[in-house]
Amino acid sequence: MMTALTPGLRNFAGVFAAAFALGTVRTLWLVPAVGALAAVAIEVPIVWAVS
């Protein structure tokens, strides 16, 4: 039997991993290309969609 904790932890781990990967992409490629504020504005809706 699965408790509520197990799916919650899986969700947290998935969103954390996706945000970590997107943060790396943002820092390495987007910030130099479009600037810090625009890079965050591009990243945030994607992280919201994943979560």
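Read-outs: derived from the displayed coordinates by stated rules, not from any lab. What you are looking at is a predicted structure, and each value in this text was computed from that prediction instead of being measured. Every residue, glycine among them, receives a Cβ derived from its backbone with ideal geometry; neighbour counts consider all protein chains shown.
So here's what we get for this one:
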quantity: Among 4-17, 32-45, the order from most to least packed when residues are scored by Cβ within 10 Å on average; calculated: 32-45, 4-17
quantity: Rg and Dmax of the chain, Cα atoms only, in Å; calculated: 14.0, 49
